[in-house]
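A.B. asks: One structure coming up, written as structure tokens, with questions to follow.
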Amino acid sequence: MDYKDTPLWDESLGLDERLDYLIGELTAEEKLHMLGTGSTEIKRLGITERMTLGGEAAHGVEARHDQAHNSDKKGICTTAFPQPIGMSATFDEGLVKKIGQVVGYEARAIYNSGDSGLSRWAPTVDMERDPRWGRNEEGYGEDPYLTGKMASAYIQGMKGDHPFYILTAATLKHFYANNVEEGRDRISSDVDARNKLEYYLEPFRRCIVEGGAQGVMTAYNEINGIPCNVNSEVNEYLRDGFGFTGHVVTDSADLSQTVSSHAYVKTLAEALVMSLKAGVDVMTDDAELVYRAAKEAYESGQLTEDMMDASIRHSYGTRIRLGMFDPYGVTPYAGVSFDVIDCARTRRLARTAQQKACVLVKNEEGFFPLKTEGKTLALIGPWADEWHNDWYGALPPYKSTVYSAFSEIVPQERLLLDDGLDRVIISCSEGYVKIDEDNLAVLTKDRGEASVFSLNDWGSGRVHLRAASGLYLRADGTRIDVCKDEVFDWFVREDFDVRNRADGRQEINTWNGNRVCVSDGRLAVAGNAPMAFTKRVPMEGDWESGDESFIFRVEVIESGCERAAELAGRADTVLAVLGCNPCVNSKECVDRENLDFIESQSKLLKAVTG
């Protein structure tokens, strides 16, 4: 019999009937393979590997394919909307629902083209209690009511208006009291009963009751000493309290971290069983690891088929409602095509959202709207003509900077530009650093051949060096070269920590705590330090050691502050375009160390304001 003729694929039957058939047909061995986000192929039932759960969509469909699991695929330009904190600042639920609808249709179009990603891990409804939190860009603010209302509107757009079928399944992040990146896989959020109910859980409740969220992701942290993925509050509040009927997933690799980071249990099998008992259905971890843990638990009697059946009912219930098991394209969203992605309508909506998201905090002496007619305008700062991507958003079809925008309204002869960055050369006892034809950082005896770098100091031991070609210096393995024209990666290999010695020279640390050295006529990386996200790893050894292969001189040959001050003196109006880098100063895994303005940018601002 063709699998499309089975009850699982019969759209005229109720959800429970279809799930009853699925559960009855599965073997215990097959069930053991169905507790992760992926979908093992079962040909006789028409289950394919494309029926996976997962994908990001914080403010647009993340289709960049820059993560390990999808790096072999081509990126897709989807519509990029303001960050959630900006969407929330519009106070316009109708607008945010339209944004969610665009996200839902674009995700559906990508799925219909043969890709995956119908279950999206958004919105993030964690409360933003600390401005130092690295992921504040993902949330909707510090107020549980506002967060609940705006995120619910986003969800309503994502899920569509059909009474049964879901356009795209929204997954709430992260359940709950998740507000720290440093140590997030082992820290405990100690929460009293009132804060729990009135503050932290309220946006989750509202997004389930009003928004109709289909998924929830647990947080990395503990709640009062209990890791979130094994916390019985998943059942107690989400299912029993809020009436949630969808699926619950762990955060990435959190099954493993219950053992390795929290040390809450000794084995992955124990962690898996406790997660299922708590109400978690899907383990977002390596598929083979999840299977082995399930197999061990099943063979030892800790895991029963009834427990697996409950998990499968939730996760495959979502898949059925997404239309993954409908024959002959009867799903109302089966005909959604690529035409809906990044079209004129979605671009207009993105522009409207951006305009409404802007908040003018102060307008002293009526400075805005800016008068440019007949005046010379200077745009100064590292952000003046730069555009930086952030996590979990779209790959935009075009990029607009402050300079490119003003270029449309101010004649070129009256528009001045300077990034305000120092220009430097790097030398050592063996000569000067230059970038050769293979983009390697090598040494030359001729000072005139030295490569000139723009030095951007983002603070906290994070310095970027950009060559004249526009490519950034990076450390990758033992190799130091220039490779990319954009700083964007999970590990920012373009980060260098330039530290001053007492003798006026410098020693340089790489992004993960290794030392930069001279080896065989080129720059190289010494050592093999572990990967580091947040705090700079101290360099080993004596800073005042006499080993010349580790000692450099970073020489400023042109002062950015002096150059910018001169430019500002020739302008009628100066706009200093300053700010943090979303992949450096704070992001997932990286909290801000303080709320101070970046020191190098403070000096630049002081220089141009006199």
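A.B. asks: Hey, any hits in the range 385-393 for a residue that's more than 30 Å from ALA564 (Cβ to Cβ) and in contact with a His (Cβ under 9 Å, 6 or more places away or on another chain)? Can you show your working first?
C.D. replies: At the first step, the residues of the range 385-393 found to be more than 30 Å from ALA564 (Cβ to Cβ) are 391-393.
Next, only the ones that are in contact with a His (Cβ under 9 Å, 6 or more places away or on another chain) stay: 392-393.
Scanning the range 385-393, I find at least one residue that is more than 30 Å from ALA564 (Cβ to Cβ) and in contact with a His (Cβ under 9 Å, 6 or more places away or on another chain), so the answer is yes.
A.B. asks: Please go through the range 179-227 and give me each residue that is without any contact (Cβ under 8 Å) to a residue 60 or more places away in the chain, touching a Gly at 6+ places or on another chain (Cβ under 8 Å) and polar (S, T, N, Q), ordered by number.
C.D. replies: Hit for the range 179-227 is SER188, nothing else.
A.B. asks: Here's a check for you: in the range 219-242, which residue that is more than 18 Å from ASP126 (Cα to Cα) and part of a helix (DSSP H, G or I) is least open to solvent (accessible area, probe 1.4 Å)?
C.D. replies: VAL230
A.B. asks: Identify the single condition in (1) assigned to a strand (DSSP E or B); (2) free of Cβ contacts under 8 Å to residues at least 60 places away in the same chain that ALA441 does not satisfy, given that it satisfies every other one.
C.D. replies: (2)
A.B. asks: May I ask you to list the residues in the range 426-445 that are farther than 19 Å from GLU548 by Cβ and of a type in the set (S, T, N, Q)?
C.D. replies: ASN439
A.B. asks: Given the conditions (1) in contact with a helix residue (DSSP H, G or I) (Cβ under 6 Å, 6 or more places away or on another chain); (2) assigned to a loop (DSSP other than H, G, I, E, B); (3) open to solvent by less than 30 Å² (accessible area, probe 1.4 Å), and given that LEU172 satisfies all but one, which numbered condition is not satisfied?
C.D. replies: Every listed condition holds for LEU172 apart from (2).
A.B. asks: Still on this structure, please answer the following. If I filter the range 334-362 down to residues being open to solvent by 20 Å² or more (accessible area, probe 1.4 Å) and among the hydroxyl-bearing types (Ser, Thr, Tyr), which single residue comes out as farthest from the chain's Cα centre (by Cα)?
C.D. replies: SER337
A.B. asks: Please specify each residue of the range 93-145 satisfying the condition of being open to solvent by less than 20 Å² (accessible area, probe 1.4 Å) and of a type in the set (Gly, Ala, Ser).
C.D. replies: Correct list: GLY100, GLY104, ALA107, ALA109, GLY117, SER119, ALA122, GLY134, GLY139, GLY141.
A.B. asks: Oh, and also: Of the residues ASP240, ASP286, which is more than 26 Å from ALA151 (Cα to Cα), out of contact with any helix residue (DSSP H, G or I) (no Cβ under 7 Å at 6 or more places or on another chain) and either of a type in the set (Asp, Glu) or modelled with pLDDT of 95 or more (or both)?
C.D. replies: Working: ASP240 fails: more than 26 Å from ALA151 (Cα to Cα).
One residue alone meets the criteria, ASP286.
A.B. asks: Hey, can you tell me all the residues within the range 192-211 that are in a loop (DSSP other than H, G, I, E, B) and either of a type in the set (Asp, Glu) or touching a Ser or Thr at 6+ places or on another chain (Cβ under 8 Å) (or both)? Explain how you work it out, then say what you get.
C.D. replies: At the first step, the residues of the range 192-211 found to be in a loop (DSSP other than H, G, I, E, B) are 192, 201, 210-211.
Matches in the range 192-211: ASP192, GLU210, GLY211.
A.B. asks: Within the bounds of the range 301-318, is there any residue that is aromatic (Phe, Trp, Tyr) and open to solvent by 50 Å² or more (accessible area, probe 1.4 Å)? Before you say what the answer is, go through the steps one by one.
C.D. replies: So in the range 301-318, the residues aromatic (Phe, Trp, Tyr) come out as 316.
From what is left, the residues that are open to solvent by 50 Å² or more (accessible area, probe 1.4 Å) are none.
No; the residues of the range 301-318 include none that is aromatic (Phe, Trp, Tyr) and open to solvent by 50 Å² or more (accessible area, probe 1.4 Å).
A.B. asks: Let me ask another. The conditions are (1) hydroxyl-bearing (Ser, Thr, Tyr); (2) closer than 23 Å to GLN214 by Cα; (3) assigned to a loop (DSSP other than H, G, I, E, B), and TYR264 fails exactly one of them. Which is it?
C.D. replies: Here TYR264 clears every test but (2).
A.B. asks: Still on this structure, please answer the following. Quick check, is GLU270 touching a residue at least 12 places away in the same chain (Cβ under 8 Å), surrounded by fewer than 22 Cβ atoms within 10 Å (Cβ to Cβ) and among the charged types (D, E, K, R)? If you could, list the steps in order and put the result at the bottom.
C.D. replies: Working: touching a residue at least 12 places away in the same chain (Cβ under 8 Å): yes; surrounded by fewer than 22 Cβ atoms within 10 Å (Cβ to Cβ): yes; among the charged types (D, E, K, R): yes.
Here the answer is yes, as GLU270 does meet what is asked.
A.B. asks: Here's another thing I want to ask about it. Filter the range 352-366 down to the residues that are in a loop (DSSP other than H, G, I, E, B) and more than 12 Å from PRO82 (Cα to Cα) and list them by number.
C.D. replies: Step one: list which residues in the range 352-366 are in a loop (DSSP other than H, G, I, E, B), which gives 358-363.
Correct list: VAL359, LEU360, VAL361, LYS362, ASN363.
A.B. asks: A further question on this structure: Pick from the range 301-320 the residues that are out of contact with any helix residue (DSSP H, G or I) (no Cβ under 7 Å at 6 or more places or on another chain) and of a type outside the set (Asp, Glu): which of them is farthest from GLY104 (Cα to Cα)? Talk me through it step by step, then tell me what you get.
C.D. replies: Within the range 301-320, the first condition is being out of contact with any helix residue (DSSP H, G or I) (no Cβ under 7 Å at 6 or more places or on another chain), and the residues that meet it are 301, 304, 306, 310, 314-315, 318-319.
This time we only want the ones that are of a type outside the set (Asp, Glu), so: 301, 304, 310, 314-315, 318-319.
Working: GLY301: 41, THR304: 36, ALA310: 27, HIS314: 21, SER315: 19, THR318: 15, ARG319: 15 Å.
Among them, the one singled out is GLY301.
A.B. asks: So how many residues does the range 243-267 have that are among the acidic types (Asp, Glu) and either modelled with pLDDT under 95 or surrounded by fewer than 21 Cβ atoms within 10 Å (Cβ to Cβ) (or both)? Lay out the reasoning, then the answer.
C.D. replies: Going residue by residue through the range 243-267, those that are among the acidic types (Asp, Glu) are 251, 254.
The next check asks that each one be either modelled with pLDDT under 95 or surrounded by fewer than 21 Cβ atoms within 10 Å (Cβ to Cβ) (or both); those that pass are none.
Within the range 243-267, residues that are among the acidic types (Asp, Glu) and either modelled with pLDDT under 95 or surrounded by fewer than 21 Cβ atoms within 10 Å (Cβ to Cβ) (or both) number 0.
A.B. asks: Kindly provide the set of residues from the range 453-462 that are within 24 Å of the chain's Cα centre (by Cα) and either crowded, with 22+ Cβ neighbours inside 10 Å or not in a strand (DSSP E or B) (or both), ordered by number.
C.D. replies: Of the range 453-462, the ones within 24 Å of the chain's Cα centre (by Cα) are 456-462.
Passing the criteria: ASN456, TRP458, GLY459, SER460, GLY461, ARG462.
One line per residue, one yes/no per condition, for (1) open to solvent by 70 Å² or more (accessible area, probe 1.4 Å); (2) under 24 Å from GLN412 (Cα atoms); (3) modelled with pLDDT under 90; (4) in a loop (DSSP other than H, G, I, E, B):
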residue	(1), (2), (3), (4)
GLY546	no, no, yes, yes
GLU555	no, no, no, no
GLU562	yes, yes, no, no
GLU566	yes, yes, no, no
LEU578	no, yes, no, yes
ASN585	no, no, no, yes
ARG592	yes, no, no, yes
LEU595	yes, no, no, yes
GLN601	no, no, no, no
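The values are calculated or read from the model by the stated rules, or taken from the named source; none is laboratory data. It should be emphasised that the depicted structure is a prediction, and the values quoted were computed from it without experimental measurement. All Cβ positions, even for glycine, are placed from backbone atoms using ideal geometry, and neighbour counts span all protein chains on display. Each accessible area value is taken on the protein alone, full model and side chains, heavy atoms only, with ligands, DNA and RNA left out. Shrake-Rupley method; radii C 1.70, N 1.55, O 1.52, S 1.80 Å.
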